[in-house]
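Before any comments, here is the structure.
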Amino acid sequence: MKMDLMFTGKKGISGGLIMSFYGNKLKQEYHLFTSRDQNSAPPTMLLGVGVNKFIFQQEHREFNLQLAVCYAIQNITPKLNESDQEWTQLEGFSPGLVANYLVKIGKDKVGYYYGSPLLRNNYLNFHGAIRPVFFHLKQASGLMLELEISYRMGLHAVSEYKLKP
């Protein structure tokens, strides 16, 4: 699961918050000193900031590149309750390079956001990323590659408009 909340300026540069959540299968258990069973698909979350640059924007297609810097966590063993001190969670860092190719689906929808007019667009997003992930445990660190197809919603503020007669 991936969620970006980006704000775009006039020159095609965006900035904002990024959150990604992964559940990749564990191929072999990590060498840890614990009696607990390790999660078969340890949940990993990346939370950080990103900067986008639109390479091209056409009426029905867009392409952008994104640089991301994220805080990374991975739960190796389950947390049994709020007072559980024995669970294992890794903390680390993950920079990334992301490419998004958006294809508009449907027509623009007019709406209002806090009393101001806006256009809402729906996109099919073809996404690829290269993300090295660095944890203090070498076995959990490595290069993560992403390829996905997703839905993306765009909200565009209308700064000037004319009413038809």
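A short reminder: the numbers here are calculations on the coordinates, not readings from a lab. What you see is a predicted model; the values in this text were computed from it and never measured. Cβ coordinates were reconstructed from backbone atoms using ideal geometry, including for glycine residues, and neighbour counts include every protein chain displayed.
Some notes on this structure:
- The longest stretch of the chain left intact once loop-based GluC sites (Glu not before Pro) with at most 16 other Cβ atoms within 10 Å are removed from consideration, loops following DSSP, is 87-159.
- Positive-end ranking of 55, 20, 76 along the dipole of the chain, with charges on Cβ about the Cα centre, is headed by 55.
- Potential lengthening of the chain between residue 25 and residue 91 amounts to 21.9 nm, from the contour at 0.36 nm per residue minus the alpha-carbon distance.
- Listed pairs 2/162; 25/53; 27/138 exceeding 26 Å between Cα atoms: 2/162; 25/53
- Positive-end ranking of 113, 35, 90 along the dipole of the range 2-157, with charges on Cβ about the Cα centre, is headed by 113.
- Dipole of the chain, positive direction: furthest Cα of 158, 66, 9, with charges on the beta-carbon: 158
- Taking chymotrypsin sites (Phe, Trp or Tyr not before Pro) across the range 1-87, the ones in a DSSP loop with at most 13 further Cβ atoms lying within 10 angstrom of their Cβ are 33.
- Size of charge dipole - the range 2-157 - debye, nearest 20, with Cβ of Lys, Arg +1 and Asp, Glu -1, no other charges: 660 debye
- Treating each Cα of the chain as one equal point scatterer and applying the Debye formula with no solvent, the log10 of I(q)/I(0) at q = 0.12 Å⁻¹ comes out as -0.66.
- Extending 7 Å from the Cα toward the beta-carbon at both residue 35 and residue 143 defines two label points whose distance is 4.1 nm.
- For the range 57-145, trypsin sites (Lys or Arg not before Pro) are listed when DSSP marks them as loop and at most 10 other Cβ atoms sit within 10 Å of their Cβ; the list is empty.
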